[in-house]
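The values are calculated or read from the model by the stated rules, or taken from the named source; none is laboratory data. For clarity, every value in this text was computed on a predicted model and none was experimentally measured. Here the Cβ is made from the backbone with ideal geometry for all residues, glycine too, and neighbour counts use every protein chain on show.
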Amino acid sequence: MTKEAAAAATARIKVVATLADFKPCHLVVEAVVEDLEVKRALFAELEGIVASDCILASNTSSLSITTIAAKLKTPAALCRHALFQSGAADENWWRSSPACAPRTGCAKL
């Protein structure tokens, strides 16, 4: 990546004060504490804010993405994206939610 491209990417990152600020996002990756109920509550709230075609991704390393997504109106909107895993997990991050790949065309971003 060139310095210019890196600067442009960095310029697009902004700190927000509320979850409502995520409304225009096309992709949201969470990295909250590894607690099932915390993640479920966050995604349930986000689901009511973002557009229906927004991809929601979890950075969970130990919780089942299917279990996290089970109570969502659209469970297929949630993918797993573990940023800090290595090995075979890197090859299969999108597979954790069975409906994810067909619905969103999830691919390595």
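Points worth noting:
- Residue within the stretch 22-32 that is out of contact with any Phe, Trp or Tyr (no Cβ under 6 Å at 6 or more places or on another chain), assigned to a helix (DSSP H, G or I) and surrounded by 12 or more Cβ atoms within 10 Å (Cβ to Cβ) present: yes
- Residue check, Cys79 touching a helix residue (DSSP H, G or I) at 6+ places or on another chain (Cβ under 9 Å), buried (at least 20 other Cβ atoms within 10 Å of the Cβ) and at pLDDT below 75: no
Here is a yes/no grid of residues against (1) surrounded by fewer than 18 Cβ atoms within 10 Å (Cβ to Cβ); (2) in contact with a helix residue (DSSP H, G or I) (Cβ under 8 Å, 6 or more places away or on another chain); (3) in a helix (DSSP H, G or I):
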residue: Ala20; (1), (2), (3): yes, no, yes
residue: Ala44; (1), (2), (3): yes, no, yes
residue: Val50; (1), (2), (3): no, yes, no
residue: Ala57; (1), (2), (3): no, no, no
